[in-house]
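Below is one structure; the comments refer to it alone.
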Amino acid sequence: MRTPAVLAIIVVSGLLMATPALADENYFGYSYGAETLPKGKSEAYLWLTSRVGKGVGSYQAWDNFNEFEYGFTDRFQASLYLNTSGHRIKGNPDLENNSSFGFEGVRTSFKYGVLSPFTHSVGLALYVEPEYSRRDKISGEAFTEFAIESKLILQKNFRDDTIVSAVNLTYEHEWEKEGEEEGTAAEKDEFEREAAIEFTAGLNYRFRPKWFLGVEARRHSEYPDADLGNEEHAAYFLGPVLHYGSQRWWFTATVFPQIYGTPHVNSIRLHLDEHERIETRFKVGFNF
């Protein structure tokens, strides 16, 4: 279970020794910006996300995304993700005890910048992300999921780019199937559809050269059978974000406690079934 931390130390050490390059910075942990990489430029990312607390028993989960991004034109970029995840679950009646770490799946993403936030009053980008997963995000058990995520990304900068704001609207369509050891024979052969809608927003202020401090918000909801008239649950998150960016590298950290959820599960005001009590995300990137 120490693997994510070890990977973070190795990657950060490498970044600190790297040569300077222009950076396409991620100012937020969860909200995407509208800027794209210049043509011919590449970027490597490491994402580490911790998810803690189900209200009953002990629950810890870690998500690790390793991303490589390339700018094909000044407006179009593509990325490849190799993902791992880990779980440590004990004493939760709805989940099997589990202590594991393994390969989760792969993703690709495609982003097209319609308007740059640095040359237009509002930046606009379109984003599509196909995904394959083989470990359930909540339980860590064997699982098969195919998904397509699409985003509408808006970014607005103020006061000579000392204030950066972003708004994302995300729709994800998922096809899920039980793992080999779970479910009936019919369930194993049939994919179930599900949809998710997510709204994120962030505001960051440059309080010192290279340093930004701000806040992020997120609302996530899911819909069985992809029926958008039947919301199964919704969860709201709000927390601080810290960003540092230099010519050589950048990092971003967001702490995201859940502030409200419905229906209430294992809490008087939170939804602790499909979501956790608190998420923490750390991202580091290097352009070359």
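The values are calculated or read from the model by the stated rules, or taken from the named source; none is laboratory data. Because the structure is predicted, anything quoted here is derived from the model rather than measured. Cβ: placed from backbone, ideal geometry, glycine included. Neighbour counts: every protein chain shown.
If a residue counts only when it is under 17 Å from S50 (Cα atoms) and hydrophobic (A, V, I, L, M, F, W, C), which strands (runs of 3 or more DSSP E) contained entirely in segment 204-288 have at least 3 such residues? Steps first, answer last, please.
Numbers: elements: 211-224, 233-245, 250-262, 278-287.
In segment 204-288, the matching strands (runs of 3 or more DSSP E) lie at 233-245, 250-262, 278-287.
For F65, are the conditions met, namely being within 17 Å of K283 (Cα to Cα) and not basic (K, R)?
yes
Name, by its number, the condition in (1) under 19 Å from the mean Cα position of the chain (by Cα); (2) of a type outside the set (A, V, I, L, M); (3) within 23 Å of K177 (Cα to Cα); (4) at pLDDT below 95 that does not hold for N97.
(1)
The rows are residues; the columns are (1) at pLDDT 95 or above; (2) within 18 Å of P130 (Cβ to Cβ); (3) surrounded by 19 or more Cβ atoms within 10 Å (Cβ to Cβ).
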{"site": "S42", "(1), (2), (3)": "no, no, no"}
{"site": "T49", "(1), (2), (3)": "yes, no, yes"}
{"site": "V52", "(1), (2), (3)": "yes, no, no"}
{"site": "V56", "(1), (2), (3)": "no, no, no"}
{"site": "A61", "(1), (2), (3)": "yes, no, yes"}
{"site": "N64", "(1), (2), (3)": "yes, no, yes"}
{"site": "F68", "(1), (2), (3)": "yes, yes, no"}
{"site": "F76", "(1), (2), (3)": "yes, yes, no"}
{"site": "Y81", "(1), (2), (3)": "yes, yes, yes"}
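Return the pair list, or none, for Cβ contacts closer than 6 Å from residues in segment 216-235 that are touching a residue at least 60 places away in the same chain (Cβ under 8 Å) to residues that are in a strand (DSSP E or B) and aromatic (F, W, Y), at least 6 apart or on different chains.
Partner pairs satisfying both residue conditions: R218/F237.
Inside segment 41-144, counting only strands (runs of 3 or more DSSP E) that do not spill past its ends, which hold 3 or more residues that are in contact (Cβ under 8 Å) with a residue 60 or more places away in the chain and not β-branched (V, I, T)?
It comes to 42-52, 58-71, 98-115, 123-135.
Name the single residue, out of those in segment 240-284 being more than 17 Å from the chain's Cα centre (by Cα) and among the basic types (K, R), that is modelled with the lowest pLDDT.
If we take residues in segment 240-284 being more than 17 Å from the chain's Cα centre (by Cα) and among the basic types (K, R), then R248 is modelled with the lowest pLDDT.
At pLDDT below 90, crowded, with 18+ Cβ neighbours inside 10 Å and β-branched (V, I, T) - does that describe any residue in segment 1-15?
Yes, segment 1-15 has at least one match.
So which residues in segment 87-136 are more than 23 Å from L154 (Cβ to Cβ), small (G, A, S) and surrounded by 18 or more Cβ atoms within 10 Å (Cβ to Cβ), if there are any at all?
Hits for segment 87-136 are G105, S133.
Note down all Cβ pairs under 8 Å where the first residue falls in segment 256-279 and is farther than 16 Å from E222 by Cβ and free of Cβ contacts under 8 Å to residues at least 24 places away in the same chain, the second is among the aromatic types (F, W, Y) and outside any loop (DSSP other than H, G, I, E, B), and they're at least six residues apart or on different chains.
Here the result reads P257/F237; I259/Y236; I259/F237; R269/Y260, each pair linking segment 256-279 to a residue that is among the aromatic types (F, W, Y) and outside any loop (DSSP other than H, G, I, E, B).
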